[in-house]
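The structure under discussion appears below in the form of structure tokens.
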Amino acid sequence: MLILPCPWCGPREETEFACDGEVSSVSVDPATASDGAWADALHNRTNRKGMHREWWCHRRGCRQWFWIERDTATNQLRNSGLPGTES
Ligand SMILES: [Zn+2]
């Protein structure tokens with residue numbers, strides 16, 4: 001069982017959380033991008049193996065969002081932070 005450190009509630013079981021995928025920054029201007037480029041920016045992720053940052057919501061707890069660095073191969077957790085500190 002993966003234990004995630006909610007910044008507000010402390011360590012909790014993974015089943016209390018929802019993952020919203022990797023932290024990314026949209027680098028495409030929606031005013032000038034083609035439909036395909038915009039769809040790619042919104043929906044496609046790298047899905048890499050190894051350490052990366054991803055968004056989590058403590059859905060069955062405080063309902064707050066935070067990011068965490070997690071290794072997708074080992075589930076090792078490293079750093080975490082609040083929205084606005086993800087870049
Ligand atoms: Zn919480």
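The values are calculated or read from the model by the stated rules, or taken from the named source; none is laboratory data. The structure displayed is predicted, hence computed values, not measured ones. Counting neighbours? That spans all protein chains shown, and the Cβs are built from the backbone with ideal geometry, glycine included.
Consider only pairs whose beta carbons are under 9 Å apart and that are at least six residues apart or on different chains; among these, list those whose first residue lies in the range 18-35 and is closer than 30 Å to residue 2 by Cα and free of Cβ contacts under 8 Å to residues at least 60 places away in the same chain and whose second residue is in a strand (DSSP E or B) and among the acidic types (Asp, Glu).
19/54; 20/54; 21/54; 22/54
Would you mind telling me which numbered condition in (1) in a strand (DSSP E or B); (2) surrounded by 14 or more Cβ atoms within 10 Å (Cβ to Cβ); (3) more than 14 Å from the chain's Cα centre (by Cα) residue 69 fails?
Looking at each condition in turn, residue 69 falls short on (3).
From the list 31, 41, which one is surrounded by 13 or more Cβ atoms within 10 Å (Cβ to Cβ) and either among the small types (Gly, Ala, Ser) or more than 12 Å from the chain's Cα centre (by Cα) (or both)?
Numbers: 31 fails: surrounded by 13 or more Cβ atoms within 10 Å (Cβ to Cβ).
Being surrounded by 13 or more Cβ atoms within 10 Å (Cβ to Cβ) and either among the small types (Gly, Ala, Ser) or more than 12 Å from the chain's Cα centre (by Cα) (or both) holds for just one of 31, 41, which is 41.
Please identify the pairs in which a residue from the range 40-51 that is of a type in the set (Lys, Arg) has its Cβ atom under 6 Å from the Cβ atom of a residue that is surrounded by 11 or more Cβ atoms within 10 Å (Cβ to Cβ) and at pLDDT 85 or above, counting only partners at least 6 apart or on another chain.
45/21; 45/22; 49/72
Just the residues that are more than 16 Å from the ligand (Cβ to nearest atom) and assigned to a loop (DSSP other than H, G, I, E, B), please, taken from the range 2-42. I'd like the intermediate steps shown before the answer.
Restricting attention to the range 2-42, the residues satisfying the condition of being more than 16 Å from the ligand (Cβ to nearest atom) are 21-42.
Of everything in the range 2-42, those that are more than 16 Å from the ligand (Cβ to nearest atom) and assigned to a loop (DSSP other than H, G, I, E, B) turn out to be 23, 24, 25, 26, 27, 28, 29, 30, 31, 32, 33, 34.
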